Every structure is written in structure tokens, then in C-alpha cells.
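Only one structure is covered here, and it is reproduced in the block below.
The values are calculated or read from the model by the stated rules, or taken from the named source; none is laboratory data. Not measured: the values here are computed from a predicted model. Counting neighbours? That spans all protein chains shown, and the Cβs are built from the backbone with ideal geometry, glycine included.
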Amino acid sequence: MKLVRTLGSVGGLTLASRLLALVRDSLQARYVGANFASDAFTVAFRLPNMFRALFAEGAFSAAFIPMFNRKVNEDGGLPAGLAFAEQALAVLFVILLVLTAVMLAAAWPLTWAISGGFTKQHPTPDQFAFAVQLSRITIPYLMLISLASLLGGILNSLDKFWVNAAAPVLLNIAMVTALIFFNGDPYETARAQAIAIPVGGAMQLAWLAWACRGTGISLRPRRPRLNPEVRSLMKQILPAAAGAGASQINLLISSALAGYLLTAGSLSYIYYADRVNQLPLGMIGIGLGTILLPTVSRLLTTGREAEAMETQNRGIELALFLTLPAMVALIVAAEPIVRGLFQYGQFDAEDARLCSLALAGFSLGLPSYVMVKVLTPGYYARHDTRTPVRYAIWSVGVNIAANAILIPTIGHVGPPLATALSSSVNVWMLYVTLVKRGHFKADAQLRRRLPRLALAALLMGGAVWGFDRLLDPWLSGMMWQRYAALAALVSGGVAIYGVACFVTRAFLISDITALIRRRKPSDGIQE
């Protein structure tokens, strides 16, 4: 099936990027640890990370791609689409330039808002000035990644998914290079990491511009004009940002509350746990969201409603097939995973234990984080960006209330659990509304497979729980031993899950044969 093949390409590149990010975070834990310098970098990195999720993986694509596709399919082909892209670029550039200047000027209050002022850590004026300096260094990345998202949206609309999926690798290359060659004390290393962020953003923008030129796409500079089409685009971006980025907004609020209420290192525990959680989320959720929006948009534009429904069913099936075992594994093996990745140098055994609790909390919401990416294209493809933003605002309210209850009782584990809960509420509202509107209906294949997939994931979890005890001595050894043990744990879990899927009849041999031969499986349901 095309969705599986395309996700394999996009997901493979995203997986490569996320694995490189884990190497980056392992080096960061080694050279920076969990302290004020690490927390300051976490805050400085939070803002560009959020904008990357909102624009490169969310809002701009959600608003731009359906409009671009409509131009290409209805209003004169690719030249009409590119003319619209040039108009959007002219206005977007000016807006981003002003926004970047304002944010640089307001770096002090912005840093305070994101960090909660590091209240419990009682930073000295010099320490807080250092955190503000890191924020000023990273802020230009926002402009770079937003411009890159426009070029990536064009390439995605032309089914050049892999090019855009490869871009994040460059950011991780820049940051790993900084850690290896420019590390010093924790503060010096954190500053080098911050500098690497806009450098990586410039590399991403250059890569996508080069890829567009190689495809024969060259956007000419134009005078910025707020014509009706550009105004429509801008009106859709803001609600799409809140809708697509609900989990990021929740994480930002959680980090601010944690910085205000928790002690030194807590923000770092949450950050490192989130980075591990981002591995399956990035490979599955971002990959599926990237593919589904232009695919569903194109099908709806050409009147193929049934095919759009089929694509959404297979998207949900594929998302849960991959995220259910990932959720169970990250909960069951949270501490061995964190220990194997981060516990050396400045990051000690107690840091690993505390971080693993945060990882287990985040992992409870993993299916929900991915399902948001799968369900929102059903709205954006129909040019409805208001409904997702309304639900996102409600989920943010749930997140704030849950944090207020959980942080005083369970400390740094509260924000991850609150984020998981609010994301689950968001998914439930998105799903119910799509069903009520007649825009989604679970087909027989999806209904048959989901409970079986859940059972297979639980069987795998039991096996992984026993397996990680055997690998425990290796997870505290040399770096190559740690990575070998983690690779064995992951590959063993994947193999067990595969067997469990066949034992529970979640998948049949005939399904695999049908997928390979591109025909219907034996139960007569389209694969």
C-alpha cells in the first residue's frame, strides 16, 4: 500500500534524525548533565523546538498545502501554485523579520515566562543573564525554520516527502558537531549547543532551497501584498498553529510551571524524557501527518471521498500498530533505556531514575500525540482550522488544571502526566466530531485489528520486562555495550511483537502476502 511505502521512506529518514538526536542528547547529558546550565539550554531550545513543531510540522503546512493543492489542481496547474507560494513567501518574510526582532528585544521577559523564572532554583543575576543570552542565540532559528517550512510544503505537495524529512538531520549534525568539538564546562557546552541551533536552521533552509531548484522550482522575490488569498492563508495559520501544536503548547506550559515550582534539574529530566518519547512520535506521528494532509487534501479536491476515508482508516490503523507497542515498551523499560542512553559523566544514577519516571509519564500519551497528527488532516483538508484550535484551547485548560493538581503531589512527573492526559482529551474530541460530521467511520478491518493489537502489545511488554533484566549489566558498561544492549532490547521487542501480532491474529499471513502483491487480503477487506 502506498501509505506504508511512503511512511517507510519518511519514517526511515525521521528515525535517522531522531537516533542522531539521541546521540546528541546522550553527549549533552555527559558534558552538561542535569543542572542550571542544562535547564537554561532546555528553556532556550524549547522555543525553537515549539516553532519547528508548529510551523515545519504543523500550522504552516496545515494551512498552505491544501491551498497550494487547490491552485495546482483547479486554477492553472503548477505555475499557479508557485505564484501563490511566491506571494505567501513575500508576506511571510516581512512578518517573520518583525517577529524575530520583537522576540530578540523581549528575550528577558520571554525567558522568564518559559522558565517560570527558575524560581525554586534561586538563580543569580549572572545565571539568569546566561539563560537570556542562550535564548537570544536560538531565536533566529524561528525565522529560518518557518521559511524552510514553506519550501518543504511545496515539496510535500509534489510527493517529494523524503527531501523534507531529511532536513532535520542537518540540525542534529550541527549540534552533535558542537558537542564533540566545542565542549568545555557545562556553561561553555550549553552555549556551543545554542549557537549550533541557528547554524543548523540555515543548513536546513539551504538544503530545501537546493532541492527545490533541482526539481525546477524557483521562487522569485515579490513585493509583499495582502491579497485575498494571502489573507486567507494568514487567517488559517494562527488557529492551525494552536490545533496542530496542542502538545507543544501543553509542554511549554508544563515547563514554565515546572521551572516555577520545581528544583534544579527537573526541567532537564523532563527534557531528556521528552527527547526519548520524541523518537517514536517523530518517526510515526510526524511522518503520517506529513503524508496524510496532502494525500487526503488531494483526494477531497478531486471528489474521491471514499478513498479519503480509506486512507484515514489505514492511517489510524498504522499509527496504533506502531505506537501501542512503543508506549508499552517505554513504560516497562523506562529506567533501563534512560540508564543506557544518559547515565555517565555529569548524569548520575539518581538522575537516571528520576528521568525514567518522567519518561513513563510521557509514554502514556504516545498514542494520543500521534493520533492528533492523524486526525487533524481530516479538518485541515476541508479548510476547517477553527475546530482543532477550539479543542486545543480546551486541552490546554485541562493541562493547566492537571499540572496544578499533580506537580505539588508527584513533582516533576506531574507535567508529563498532565501533557498525556490533555492530549488524550484532545484526540477524543477530534475523533468524536469527525464521526458526527460523517467525515470518518471506522471500517471493519480497523475494528477487528485494534483490540488484537493492544493484546499483542501487552504480551510484548511482559517479555521486554523480563528481557531487560538479562541486559541490565550491559546498560552500565562502555558506550558500545550500552548501545548494543539497547539495540538487542529494541530488536527483541520488535520480534516478540511481530510474533504476538500473528498469535493474536491481529495480522494474518494472507495480509502480508496481499500487501506484497498489492491485492486484497483473504478476509476481503481492502488493505
Check 386, 353 and return the single one that is surrounded by fewer than 19 Cβ atoms within 10 Å (Cβ to Cβ), modelled with pLDDT of 85 or more and in the same structural domain as residue 270 (by TED's automatic domain parsing).
353
Under 20 Å from the mean Cα position of the chain (by Cα), buried (at least 18 other Cβ atoms within 10 Å of the Cβ), small (Gly, Ala, Ser) and under 30 Å from residue 390 (Cα atoms) - does that describe any residue in the stretch 199-210?
no
Out of the stretch 181-221, which residues are in a helix (DSSP H, G or I) and of a type in the set (Phe, Trp, Tyr)?
181, 187, 207, 210
Within the stretch 432-488, work out how many residues are basic (Lys, Arg), at pLDDT below 85 and surrounded by 15 or more Cβ atoms within 10 Å (Cβ to Cβ).
1
Say we look at the stretch 231-243 and pick out the residues that are under 23 Å from residue 164 (Cα atoms) and buried (at least 19 other Cβ atoms within 10 Å of the Cβ); which of these is modelled with the lowest pLDDT?
243
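Mind checking which residues of the stretch 418-428 are crowded, with 18+ Cβ neighbours inside 10 Å and not polar (S, T, N, Q)?
Residues satisfying the conditions are 418, 420, 421, 425, 427.
For the stretch 392-410, does any single residue satisfy the condition of being closer than 20 Å to residue 234 by Cα and crowded, with 21+ Cβ neighbours inside 10 Å?
yes
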Can you tell me which residues in the stretch 134-180 are outside any helix (DSSP H, G or I) and either of a type in the set (A, V, I, L, M, F, W, C) or surrounded by 24 or more Cβ atoms within 10 Å (Cβ to Cβ) (or both)?
139, 158
